[in-house]
Each structure stands twice: as structure tokens, then as C-alpha cells.
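These notes concern the structure reproduced below.
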Amino acid sequence: MPQVLKAPLAVEFPFTRSLGPVQSAFLTGLRERVLLGVKTVDGRVLVPPVEYDPVTADEIRDLVEVAGTGTVTTWAWNHEPRRGQPLDTPFAWVLVRLDGADTALLHALDVPGPDAVRTGMRVRVRWAEERTGAITDIACFEPYDGEPEQPAGHSGEFEDAITGIVAAARLDYTYSPGRAQSAYIHALSDRRMVGERCPSCRKVYVPPRGACPTCGVATSEQVEVGPRGTVTTFCIVNIKAKNLDIEVPYVYAHIALDGADLALHARIGGIPYDQVRMGLRVEPVWTDGSRFPDHYRPTGEVDAEYDTYKELL
Ligand SMILES: [Zn+2]
């Protein structure tokens, strides 16, 4: 039994959002070391601010400056800071109610250990050296035993206000493809395509998932398929993906490998994109150093009859 594989997998994309007047003032304020909340219909001050009253749903625009000092209302210890978190040493996640606010803001508290944190402790903002109009303009909070700071009553009007931000979303996984797909990936390193047959309905799944989704039984009989196959359906890609060095337009297709009862998907090359068609016979093209075929290209055979692949669309 070959080793079950696992590898790090990061899903990452930039998320661009425009800011309404309230978030714009809040983030621009951070850049200028000014902390702003918003006043609700019943007179409470929300920090971080929102654009609509959480009780009445009225639009709220009345900005109020609050202090850079406050009180921890609850906390949790973070033993292992991860990439992109506010501090790279262990720290406390804290909710801080800033002086002048009625709600609490989530941020990091820089203390040596969990014994140095308690609910009710006094803290103040530590500003980042370089500020751009983002929540990271607050580097973190730190313990503070002085007097509450007095806000200057800023109006929330700024020159050169921030109107949009790009927030990078990133999810880090450790991905394991499991027993069946690990065997498939191992076979690919010998440039062989190995699927698994269902003992009940006899279908061959490529790539195999370890069980037949129709019959609900485990698959274990390994079956070599391909390497040639048939395009069952396809689309033309016109949008260039970030970090992918392929000229658009190009064709991405479902390909039923010979002997397989499930189509896999891959790029089609070696033929103009507008000449790719259902039934086109293709074969994999391997490049050095890559475990997967780089793309599939026409074999020159006569197109497959529709009836031979109509169940595999
Ligand atoms: Zn089955």
C-alpha cells in the first residue's frame, strides 16, 4: 500500500471592497490616529462603527471620536500566531471597549503570557509606525495604568479619505487526498492513469474517490485507463487567471479517458480554441517535472461517435 499523501494547500484571493461614508471615516481616522465610532438612534456609540442602526435599521452617520484607552471585556490566549496575525509572538485576542464607546473592538493584546491578561484590565492602542487606513494601523493593544485619554472631538472629515480597500483573503489547509487518490497520484508519476472499479455497478472512476457515489460501496480494484480519451464537453476561457501563465482564450474540457466511466477535466492545446469540439480524440502531453499532464492535444483520430460518450457529459 503506497503512502497516503498530504500537502499544504492555500486558497488565496484579493477581495476589493468600497467603503461607505462611515467605514471610510473609521479607516481614514486610523491612518490619522483618530478613533471614530458612530452614534445610534438611542445614543449609544458603536466602535467599530456600522452604517445602519442594529436595532432600528435607520441609516446612521453621526461620527463620534472615542479615546485610545479602554477596558478588556473578554479575551482568549493565542499560543501559536499564524501568518498575517497582528503579532508574531503569542498574544491575547481581546475585545476592548474604548473609553467613550458602548461596544467592544476585537484586536490583539501584547503581553508576555496568559497570566498577564484579565477581564477588566486597562489597555491602550499601540499605533503602527506606518499607517495606510486599515485595521492594522492599530499594531495591537498594550497594558496601561494611566488616566483615560481625552478625545479631541474630531468631526470625522478628512482630507484624502480612503474610499476602498483590498483585503487579501487566505485559507491555509493541510490537504490529504486519501487512499484512492493518493494511489492515483503515485501512478501519475509513472505517467499512468489508474482508476478504481465499483464492485457493484462495474463503473471505473478516474480520479477515484475511494467509493462509488451511486452504490455507496468502497472501490478497491485498480484499473489502468487512457492515456487517450474523448472530449465530452468543454468551455472557452476568456478571463486570465492570476498566477497562471496561459494565454487566453483557451479551452478547458471534460475528457473521458478510454476505459473510464467518469470524465476528468483538463486544458486542451495544440489546436485553435475555436476548433475544439465534442467527440475530439485527445492524448496527454507531459512536461518535465510535472506530475500531472500539462494539457491534452488532438491525436488525429476520427472523432468519437456521440453514443460512445453521451453518458459521460
Ligand atoms: Zn457502483
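The values are calculated or read from the model by the stated rules, or taken from the named source; none is laboratory data. Remember, predicted model here, so these are calculated numbers, not experimental data. Positions of Cβ are backbone-derived with ideal geometry, glycine not excepted, and every protein chain shown enters the neighbour counts. We work out accessible area using only protein heavy atoms, side chains counted, and drop any ligands, DNA or RNA first. Shrake-Rupley method; radii C 1.70, N 1.55, O 1.52, S 1.80 Å.
Quick notes on this one:
- FRET efficiency for S18 and S220, using Cβ-Cβ distance with R0 set to 41 Å, rounded to 0.05: 0.15
- Whole-number D in µm²/s for the chain (Stokes-Einstein; Kirkwood sum over Cα pairs; 20 °C, 1.002 mPa s): 87 µm²/s
- Alpha-carbon radius of gyration plus Dmax, which is the widest Cα pair, for the range 226-313 in Å: 12.7, 39
- Farthest towards the positive end of the charge dipole of the chain, among the residues V125, M278, F141, is the Cα of M278, using unit charges on the Cβ of Lys, Arg, Asp and Glu.
- Separation of the range 1-50 from the range 238-268 is 35 Å, based on Cα centroids.
- Helix 178-188 axis versus longest C-alpha principal axis of the chain: approximately 60°, rounded to the nearest ten.
- The rule of thumb for compact globular proteins, 2.2 N^0.38 Å, goes into the C-alpha radius of gyration of the range 20-162 1.04 times.
- A straight chain from A161 to A76 at 0.36 nm per residue would run longer than the Cα-Cα distance by 27.2 nm.
- Once the Cβ-Cβ distance of Q275 and L244 is raised to the sixth power relative to R0 = 25 Å, the FRET efficiency obtained is 0.65.
- Looking at the range 226-313 alone, DSSP beta bridges between its own residues are antiparallel in about 95 percent of cases.
- Normalised by the number of residues in the chain, the average gap of Cα pairs under 8 Å and 6 or more apart makes the relative contact order 15 percent.
- Centre-to-centre separation between the Cα atoms of the range 169-224 and those of the range 124-151: 52 Å.
- Of all lysines in the structure, those lying under 20 Å Cα to Cα from K310, and not within fewer than 8 positions of it along the same chain, are K203.
- Ellipsoid semi-axes for the range 7-89, based on the Cα gyration tensor and the rule √(5λ), read 29, 19, 14 Å when sorted largest first.
- Cα gyration tensor shape for the range 165-309, rounded if a/c is under 1.5, else prolate or oblate: oblate
- Gain upon complete extension [R61, T287; 0.36 nm per residue less C-alpha separation]: 75.5 nm
- With R₀ fixed at 30 Å, the C-beta to C-beta distance from T132 to D88 puts the FRET efficiency at about 0.95.
- Other residues with beta-carbon under 13 Å from the beta-carbon of R202 carry, at +1 per Lys or Arg and -1 per Asp or Glu, a net charge of -1.
- The range 135-241, Rg to Rh (Cα coordinates; Rh as Kirkwood inverse mean 1/r): 1.37
- One decimal place: the segment R170-V11 gains 56.7 nm when fully extended, by the rule 0.36 nm per residue minus the C-alpha distance.
- Heavy atoms of T174 accessible to a 1.4 Å probe, total area in Å² rounded to 10: 110 Å²
- Sparsely packed loop sites in the range 73-182 (the chymotrypsin sites (Phe, Trp or Tyr not before Pro) outside DSSP H, G, I, E and B with at most 14 other Cβ atoms within 10 Å) do not occur.
- DSSP assigns beta bridges within the chain; of those with both partners inside it, close to 95 percent run antiparallel.
- Each other residue within a Cβ distance under 14 Å of T73 adds +1 if Lys or Arg and -1 if Asp or Glu, for a net charge of +1.
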